[in-house]
Amino acid sequence: MFSNDRWTEIVEALNANRMRTTLTAFGVFWGIAILVLLLALTNGLRKGVSSSELANFATNSMFMWTQGTSMPYKGLPRRRRFNYKIDDVAALKSQFPELKYVSPRNQLGGYQGANNVIRGMKTGAFQVNGDYPEFIKQKPMDILQGRFLSYSDINENRKICVIGPDVVKSLYDRNEDIIGSYIKINGVNFLVVGTFKISNSQGDSEEEANTIFIPFTTFNQAFNYGDIVGWMAITAKDETSITELKEGIFSLMRRRHTIHPEDKRAIGHYDLAAEFERFNGLFDILTIVGYFVGALVLMSGIIGISNIMLIVVKERTKEIGVRRAVGATPFTIKAQILQESLILTILSGMAGISFAAGVIWILNYILDLQGPVENFANPSVSMTVVFAALIILVGSGLLAGLIPANSATKMKPVDALRIE
Amino acid sequence: MGSNSLHVLKGINFNVEEGEMVSIMGSSGSGKSTLLNILGILDEADSGSYTLDGVPIKNLNEKLAAKYRNEFLGFVFQSFNLVNYKSALDNVALPLYYKGLKRRERMDLALHYLDKVGLADWSHHLPSELSGGQKQRVAVARALVTDPKVLLADEPTGALDSTTSYEVMELIQSINDEGKTILIVTHETDISNMTKRIVNLKDGVIIDDNSVEQVRIKQHV
């Protein structure tokens, strides 16, 4: 269909009125550029927000704690307090092989609480977490010096700790060796084996910087927690959603702690996956809005092309008459008009996509120079979007040419030739 | 066209043999252009029959009509009707494009016919860079390029001064000398006298149809 001659014909026809061709093409250029830019900005917003709000914890996770029963059950009263035990963790792992990590956690003191840590003449109030080594996989953090907790620490109840940047700031002078020094938590000496920093965190950063991690078993032994587990951070494997698993987990916990099966309030939880879903849904809608608005802008460009092709056809009525007199069939005329509009649309669309790509590149360049901006990161579009845009272009190019192409051959050649 | 039908031609019966050069005369409104359009398959008669080289022309679809126009007929118009953004050569080659010839063959043939009308040196000029007579000669080359059976000319000299008119007529005469059948619509007596047969139309009927002594044009330089 696109022989060399066709190309020549089309290029000649489009070149015949270059200014008008350019102006017409600008409509589609602008439309597709806006479509791509809108999608890229939506994407940047999505990435920015998710990296700052949620991506700092494994998304297929939930936290689970106890809140006291709300129903009497098997002779036990309501408002009974209960605690998870360390063997709940093993039970969960064996009952739910779909779970990736089950991290029991305990917590002592707290951010902005009373002073609980001493080193030499310096004191500070920090949050002390008893954790398992898996925790770093659920909440990614950068180890700046030394190491994180290990299973040997757990098994041997080692009194070691990993401390956050603000702990370092308040307990150490500059240039002091941190690794290998001791700090006293609630009267117990701990060897510092590592320092961490949580990147990409927002809001909680101060609290997180004031955190000390110690092995879970050491925590329970040193601070007399026995086998109590304060709360758990549970992550499911990628192929199963934690939201689907959680009801089963709750029932198991209710059975193990003699809680009424209907007692929803006994177990508190926060489902990160569901939050993430909701939040993803929001951005899906934003993407749809982007497509919608972009497509509407593009449509006005396409109407412009259609319009101008109609005028072109009208202007060339006589030429079309001549072409038919020398043997052009209506089909070849239609095909040429269609192809002219198609080429015009695709060329201007490609230019629009390239322009948008340039703008995105500049945006990214500025973002790189400026450093991270809140809730916005790396605006970009995937190849899928580019292909979608191309398909929209081809479709709209055909659409734009259809009416003019039909009107081009509606007139009888004898009437077309009579036009002056 | 239009709701009120107007019978322009009211019973025309005539034959043109191969190799004839016929002029159709008549005042405006006599139906001579309509007759030519019907002969050129640009228009269709409401009734009656038309046979072109043994092929009945009746109820053609557009595709077939386009094919016949391309292969059997060559048109020359009063206002030249060249495609203004194409060079003389491309204009001549246009019918061959629709015939489906390869570019190389098209260009060779088109150049041959341009040469024949004496415009080989002007092949890359746009119509706007040519004089009226040159344009009409390009149009004649375009009409001849598919080697049609009949050349139909609608007031071919209508937009030209008499010197140029004679040049174009001389060209048309020389084409006729090679055996091509030619029909010319004109209202100028001196032009019709250069043909071999004059058909006079008035109000849609033939009032006379005579062979005439052809006036040959002297060689102009």
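So residue A:348 passes all but one of these: (1) touching a residue at least 60 places away in the same chain (Cβ under 8 Å); (2) of a type in the set (Ser, Thr, Tyr); (3) within 28 Å of residue B:93 (Cβ to Cβ). Which condition number does it fail?
Residue A:348 satisfies all of (1) touching a residue at least 60 places away in the same chain (Cβ under 8 Å); (2) of a type in the set (Ser, Thr, Tyr); (3) within 28 Å of residue B:93 (Cβ to Cβ) except (3).
Out of all the residues in segment B:41-86, which are more than 7 Å from chain A (Cβ to nearest Cβ) and in contact with a Phe, Trp or Tyr (Cβ under 8 Å, 6 or more places away or on another chain)?
B:41, B:52, B:53, B:55, B:56, B:57, B:58, B:60
Of everything in segment B:177-199, what is of a type in the set (S, T, N, Q) and part of a helix (DSSP H, G or I)? Give them in sequence order.
B:189, B:192
Name the residue, out of B:144, B:151, that is buried (at least 19 other Cβ atoms within 10 Å of the Cβ) and more than 26 Å from residue B:8 (Cα to Cα).
Exactly one residue qualifies, and that residue is B:144.
Taking segment B:127-162 on its own, how many of its residues are in a helix (DSSP H, G or I) and within 26 Å of residue B:71 (Cα to Cα)?
13
Take residue B:111 and tell me if it is touching a helix residue (DSSP H, G or I) at 6+ places or on another chain (Cβ under 8 Å) and farther than 21 Å from residue B:19 by Cα.
yes
From the list A:83, A:43, which one is in contact with a Ser or Thr (Cβ under 8 Å, 6 or more places away or on another chain), touching a residue at least 24 places away in the same chain (Cβ under 8 Å), outside the structural domain of residue A:359 (by TED's automatic domain parsing) and of a type outside the set (A, V, I, L, M, F, W, C)?
None of the others qualify; the one that does is A:83.
Please verify whether segment A:407-416 includes one or more residues that are more than 14 Å from chain B (Cβ to nearest Cβ), under 30 Å from residue A:332 (Cβ atoms) and in a helix (DSSP H, G or I).
yes
Can you name the residue in segment A:317-331 that is free of Cβ contacts under 8 Å to residues at least 60 places away in the same chain and surrounded by 17 or more Cβ atoms within 10 Å (Cβ to Cβ) and, of all such residues, is nearest to the other protein chains (Cβ to nearest Cβ)?
Checking each candidate, the answer is A:327.
Quick one: residue A:389 ticks every box in (1) surrounded by fewer than 21 Cβ atoms within 10 Å (Cβ to Cβ); (2) of a type in the set (A, V, I, L, M); (3) in contact with a helix residue (DSSP H, G or I) (Cβ under 9 Å, 6 or more places away or on another chain); (4) away from chain B (no Cβ under 14 Å) bar one, so which box is it?
It is condition (1) that residue A:389 fails.
Among the listed residues A:170, A:199, A:205, A:241, which satisfies the condition of being modelled with pLDDT under 90, assigned by TED's automatic domain parsing to the domain that holds residue A:124 and in contact with a Gly (Cβ under 7 Å, 6 or more places away or on another chain)?
A:170
Return the residue satisfying two criteria in turn: it lies in segment B:112-122 and is free of Cβ contacts under 8 Å to residues at least 40 places away in the same chain, within 21 Å of the chain's Cα centre (by Cα) and surrounded by 17 or more Cβ atoms within 10 Å (Cβ to Cβ), and of such residues it is nearest to the other protein chains (Cβ to nearest Cβ).
The extreme case among them is B:113.
Quickly run through segment A:315-327 and pick out the residues that are in a helix (DSSP H, G or I) and modelled with pLDDT of 85 or more.
If the condition is that a residue be in a helix (DSSP H, G or I) and modelled with pLDDT of 85 or more, then A:317, A:318, A:319, A:320, A:321, A:322, A:323, A:324, A:325 are the ones that fit.
Has segment A:89-98 got any residue that is at pLDDT 90 or above and aromatic (Phe, Trp, Tyr)?
Yes, the conditions are met somewhere in segment A:89-98.
Look through B:174, B:165 and report the one residue that is among the hydroxyl-bearing types (Ser, Thr, Tyr), free of Cβ contacts under 8 Å to residues at least 12 places away in the same chain and assigned to a helix (DSSP H, G or I).
Residue meeting the stated conditions: B:174.
Tell me, which helices (runs of 4 or more DSSP H) lie completely within segment B:15-105 with 1 or more residues that are surrounded by 13 or more Cβ atoms within 10 Å (Cβ to Cβ), under 18 Å from the mean Cα position of the chain (by Cα) and in contact (Cβ under 8 Å) with a residue 60 or more places away in the chain?
So the answer is B:32-39, B:62-72.
State which residue is surrounded by the most Cβ atoms within 10 Å (Cβ to Cβ) when the search covers only segment A:332-360 and only residues that are over 23 Å from residue A:418 (Cβ atoms) and within 14 Å of chain B (Cβ to nearest Cβ).
Result: A:340.
Output the number of residues of segment A:127-145 satisfying the condition of being under 15 Å from residue A:207 (Cβ atoms) and either free of Cβ contacts under 8 Å to residues at least 24 places away in the same chain or not charged (D, E, K, R) (or both).
4
The values are calculated or read from the model by the stated rules, or taken from the named source; none is laboratory data. Predicted model, so just to flag it, every value in this text is computed and none were measured. Methodologically, a virtual Cβ is constructed for each residue, glycine included, from the backbone with ideal geometry; neighbour enumeration extends over all protein chains shown.
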